[in-house]
Amino acid sequence: DAIPSADQIRITTSLKSQRGSVWTKNKSIFEYWEVEVTFRVTGRGRIGADGLAIWFTEEQGLEGPVFGAADKWNGVGIFFDSFDNDGKKNNPGVIVVGNNGNLLYDHQNDGSTQALASCQRDFRNKPYPVRVKITYYLKTLTVLINNGFTPDKEDYEFCARVEDMALPSQGYFGISAATGGLADDHDVLSFLTFRLTEPGKEALQPDAEIPQKDKEKYQEEFEHFQQELDKKKEEFQKEHPDVQGQPGKTSCAFFLSADDVFETVSDRELRQIFEGQNRIHLEIKQLNRQLDMILDEQRRYVSAVTDEIAKRGAGFTGQQGQISQQEIETVVKNQEEVIRQVNEMRNSMADTLRLISGAQHPGSAAGVYETTQHFNDIKEHLHVVKRDIEHLVQRNMPPSEKSKCPDLPPFPSCLSTIHFFIFAAVQTVLFIGYIMYKSQQEAAAKKFF
């Protein structure tokens, strides 16, 4: 059901039960790669369906039930799921699912049982196109998303990361979409693919890339352009005999006024305010990315602890020296509390970014006060998270590994009795000399009154 046009491809239209996909004709022959995809998902309804998927598979995908593509693929799929099938209110979301060609996608649970990584992002009905950057380098897959709120093409946010991921050395890139009972328009504006190589591993040979015929053609075009430029220079010299050297630089000096060269005080202050706001905005965006990465690590840690409890909980019930089930549950609850605190920090960051964006327009002093209050809230959240993590580490650390304060070395007797009396005598002489000097200065000053 895909419809191509001059500037985009509509993978599916906003009609029920539509499926469409676009795939590369040839396999990519590079091991590490990066793709940048620009798309729009728009619909009239408050909830959309079903979603869109970006693929890298060993074979070309066919039509199927997984967002318009076939199941049991060998590779990876990054799914932009806009419908909440499992009712957990975690959609729209982005899910990374790998497959070795034998697994069936768990569509009823939104792939939560098979997801290698995920994040919750709303990509429907945005003012600007949504941009996704997917990087696979040294067996690590990273997904960055530009939510489409700003026209800045490089305003990416961290979404997901999967380490130790083995993908086929060669494969096809594709993008697919599908609709169900609800429907959205799924439009793809661009799909750019880049090859990534390790620094110094391969030396490029530019001479071997261009055929000899093309070189001769480019050389002829350059010579023709050079001749035309020389003719125009001669004509200009004949028409303007008084102007010598560089006419462009001579003539443009007459169009510059004092207002163009010097800025007013208000303009300078306004420019400094905007530059400061932009720096704050960039710093908070960087902190927000780091918080997303920390949250992703905490989620994986909690998942690993939960799996370990399920595997070993029954076997170690009666053994001595093992941690009780209640203590393990306490550890998991503490980790969940840490995740909740980081989520609150992230929400505070989002509110602060929104306030800073609004501060770039004329407003009242209340916006500045709210921004300061949000920074104080963020600082308090950081202290709470730090205290919880320190408490968790101290509580879970075995007694033999708990840190002990080092013993103080014996205090050496650095000062003998003779040295002490000498020091006291010297200090007394200096004090008496200072008093005499001060008295002489005051007596001399009284003569002037």
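The values are calculated or read from the model by the stated rules, or taken from the named source; none is laboratory data. Computed from a predicted structure; not experimentally measured. Cβ placement follows ideal geometry from the backbone for every residue including glycine, while neighbour counts extend to all protein chains displayed. Note: areas computed on protein heavy atoms with side chains; ligands, DNA, RNA excluded. Shrake-Rupley method; radii C 1.70, N 1.55, O 1.52, S 1.80 Å.
Report the Cα centroid-to-centroid distance between the stretch 146-177 and the stretch 1-67 in angstrom, as an integer. One Cα centre to the other: 13 Å.
Rounded to whole numbers, the Karplus 3J(HN,Hα) couplings from phi for the stretch 44-58 are 7, x, 5, 10, x, 6, 8, x, 9, 9, 10, 10, 9, 10, 5 Hz, using 6.51 cos²θ - 1.76 cosθ + 1.60 with θ = phi - 60°, and x at Gly and Pro. Across the stretch 88-179, counting alpha-carbon atoms alone, Rg and Dmax equal 14.3, 41 Å.
Coupling constants for the stretch 18-27 follow from the phi torsions by the Karplus curve (6.51 cos²θ - 1.76 cosθ + 1.60, θ = phi - 60°), and in residue order they are 9, 9, x, 7, 9, 10, 5, 7, 10, 6 Hz; glycine and proline get x.
Rounded to two decimals, what ratio of Rg to Rh does the stretch 94-135 give with C-alpha atoms and a Kirkwood Rh?
The Rg/Rh ratio comes out at 1.05.
Accessible area per residue for the stretch 15-122, computed on protein heavy atoms with a 1.4 Å probe, is 48 Å². Near the amide H of K126, within less than 5 Å, lie the amide hydrogens of V41, all on another chain or at least 5 residues away, with H placed in the peptide plane.
Mind jotting down a quarter of the surface of the convex hull over the alpha carbons of the stretch 70-123, in square nanometres, one decimal? Approximately 3.5 nm², given one-decimal rounding. Placing K88, K27, K238 in order of accessible area, with the largest value first and a 1.4 Å probe, yields K238, K88, K27.
If R0 is 60 Å, the Cβ-Cβ spacing of E336 and K232 corresponds to a FRET efficiency of close to 0.25. If you take the square roots of the eigenvalues of the alpha-carbon gyration tensor of the stretch 113-232 and sort them as a ≥ b ≥ c, do you get rounded (a/c under 1.5), prolate (a/b over b/c) or oblate? The shape class here is prolate. Couplings 3J(HN,Hα) for the stretch 121-130, derived from phi with the Karplus relation 6.51 cos²θ - 1.76 cosθ + 1.60 (θ = phi - 60°), are 9, 9, 10, 9, 6, 9, x, 10, x, 7 Hz, where x marks Gly and Pro. Of the residues L62, L15, L291, the one with the largest accessible area comes first in the ranking L62, L15, L291, computed with a 1.4 Å probe on protein heavy atoms.
Close amide H partners of W73, meaning residues 5 or more places away or on another chain with modelled amide H under 5 Å apart, are G101.
Among R279, R40, the sequence by solvent-accessible area, most first, with a 1.4 Å probe is R279, R40. Distant-in-sequence amide contacts of W33, defined by a placed amide H-H separation under 5 Å and a gap of 5 or more residues or a different chain, comprise Y136, L196.
The accessible area of I328, taken with all protein chains in place and a 1.4 Å probe, comes to roughly 40 Å².
For the stretch 113-163, GluC sites (Glu not before Pro) meeting the loop criterion (DSSP other than H, G, I, E, B) and having at most 16 other Cβ atoms within 10 Å: E154. Based on every Cα atom in the stretch 33-136, Rg and the maximum pairwise Cα distance Dmax equal 13.4, 40 Å.
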